[in-house]
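Engineer: Would you mind keeping the following structure in view while I ask a few things?
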Amino acid sequence: MKELCTGPFTRAFLAELLGTLIFVFFGLGSALRWPASLPSILQISLTFGLGIGTVVQSVGHISGAHLNPAVTVAFLVASQISLFRAVCYICAQLLGAVIGAALLYEFTPESIRGNFGINSLNSETTEGQAVAVELILTLQLILCIFASTDSRRNDNVGSPSISIGLSVTLGHLVGIYFTGCSMNPARSFGPAIIVGNFGTHWIFWIGPIIGAIIASILYNYLLCPQYQSFKEKLAILLGRMPSEEEVEEEWEERQEQPRRKSMELQTL
C-alpha cells in the first residue's frame, strides 16, 4: 500500500497505460485495409517495431517500458519487480490496449476496419504450431530485452530502444504468416475485446507467457545469473527492503562462508 500511494508508482502506472495505448493504436493502424493500397508484411512489421522503439524511448525511464504482460512476467520470474507492481502493470497494459483499440476503431471508417488487426491463425497452421511459434517469437524478444538493458554489461550495448524495436520487427516478419504475430497478450486483448472475437485468443496468452518464462530463466539463471540471495529476491517480490537486522545477518553469513570452507579443507 505504501508503494501504491507514491508519486513514482502512479507515474509508472500511467506510463504503462499510455505507452501501451500508443503502441496498440499505431500497430493496429498499420494493418487497416485502405482501398488505395493494402498493407504489406514489411509495413506492418516496421510499424510495430518503430512503435515499440518510440514508446520505450519515451517512457522507459519512468516505468521500464514493459508494455507487455509477457515482459512483466519475465521480470517477475527474474525477481526484478514486485508481485504487486507486476499485477498493476499488467492491468495498466490491458487497459491501455483496450483504450488504444477503441480509439482507433472509433476513428476508422467501417469499410476500412477489416478484421481490425485481430490475431488469427493461418488456415494451414494448427493450434499447437501457433503456440510454439508465439513461444519462440517471444523468447527471442525477452532475451533481447534482458541483454540490452542489463546494467552489468561493460561493452557498448547501444540503444536499448532500437534493439528492442528491431527484435519486435524481426518477430513480425516471420510471425505474421503464422498467427498475425502477437508476442504481446495486451496487443491481442485490445482489438479482441473491441470486436468481441475470442476464437483462439488463449494462444496469444499461453505462447508468449511460456516463452517469456523460459527466456527469463535462461538469461537470469543460466546464461548470465544474478547472484542474489533468497532473502534479497523475496524482498523484491514482496516490494520491501530488508531490515537492518536482515542485512547485517546476511552480511555475516557471507563472511562466514569462506571460513567454513577453509576449515573444511583443513579437516580434509
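Engineer: For the Cα atoms of the chain, what angle does the longest principal axis make with the long axis of helix 127-148, in degrees from 0 to 90, nearest 10?
Structural biologist: Approximately 50 degrees, to the nearest ten.
Engineer: Give the ranking of 75, 116 by solvent-accessible surface, highest area first, calculated with a 1.4 Å probe.
Structural biologist: Accessible-area ranking of 75, 116, largest first: 75, 116.
Engineer: How high is the relative contact order of the chain, in percent, with contacts defined as C-alpha pairs under 8 Å that are six or more residues apart? It would help to have the intermediate numbers written out before the result.
Structural biologist: Details: 377 pairs, mean separation 72.3, N = 268.
RCO, the chain: 27 percent.
Engineer: Also: Residues in the range 108-146, backbone N under 13 Å from the label point at residue 228 (7 Å along the Cα-to-beta-carbon vector): list them, ranges by number please.
Structural biologist: Under 13 Å, as judged by backbone N against the label point of residue 228, lies no residue of the range 108-146.
Engineer: Taking H as built 1.01 Å from N, whose amide H comes closer than 5 Å to the amide H of residue 32, not counting residues under 5 places away?
Structural biologist: none
Engineer: A further question follows. In what sequence, largest accessible area first, do 61, 201 appear using a 1.4 Å probe?
Structural biologist: Largest to smallest exposure gives the sequence 61, 201.
Engineer: Rounded if a/c is under 1.5, else prolate if a/b beats b/c, else oblate: with a ≥ b ≥ c from the C-alpha gyration tensor eigenvalues square-rooted, which is the chain?
Structural biologist: Prolate.
Engineer: For residue 113, what accessible area in Å² do you get when you roll a 1.4 Å probe over the heavy atoms of the protein chains, rounding to the nearest 10?
Structural biologist: Only protein atoms counted, so the area is about 40 Å².
Engineer: With every protein chain in place, what's the accessible area of residue 110 (1.4 Å probe, Å², nearest 10)?
Structural biologist: Residue 110 has an accessible surface of roughly 150 Å² with all protein chains in place.
Engineer: Taking only Cα atoms, what is the 0 to 90° angle, nearest 10, from helix 203-217's long axis to the longest principal axis of the chain?
Structural biologist: On a 0 to 90 degree scale, this one is about 30.
Engineer: Does anyone have the angle between helix 185-195 and the longest principal axis of the chain? Alpha-carbon axes, 0 to 90°, nearest 10?
Structural biologist: Roughly 30 degrees, rounded to the nearest 10.
Engineer: To the nearest 20 Debye, how big is the dipole of the chain about its Cα centre, given +1 on the beta carbon of each Lys and Arg and -1 on that of each Asp and Glu?
Structural biologist: Working: 15 positive and 20 negative charges, 110 e Å.
The calculation lands at about 520 debye.
Engineer: Let me ask something else. Could you please put 58, 216 in sequence from largest to smallest accessible area, using a 1.4 Å probe?
Structural biologist: Most to least solvent-accessible, the answer reads 58, 216.
Engineer: Which Cα, out of 72, 40, 182, lies furthest along the positive dipole direction of the chain (beta carbon charges, K/R +1, D/E -1)?
Structural biologist: In the chain, that residue is 40.
Engineer: Net charge within 11 Å of residue 117 by Cβ-Cβ distance, Lys/Arg positive one each and Asp/Glu negative one each, not counting residue 117 itself?
Structural biologist: Result for the neighbourhood of residue 117: +3.
The values are calculated or read from the model by the stated rules, or taken from the named source; none is laboratory data. This one's a predicted model, so the numbers in the text were calculated from it and none came from an experiment. Backbone-built Cβ (ideal geometry, glycine too); neighbour counts: all protein chains shown. Only protein heavy atoms, including side chains, enter the accessible area calculation; ligands, DNA and RNA are left aside. Shrake-Rupley method; radii C 1.70, N 1.55, O 1.52, S 1.80 Å.
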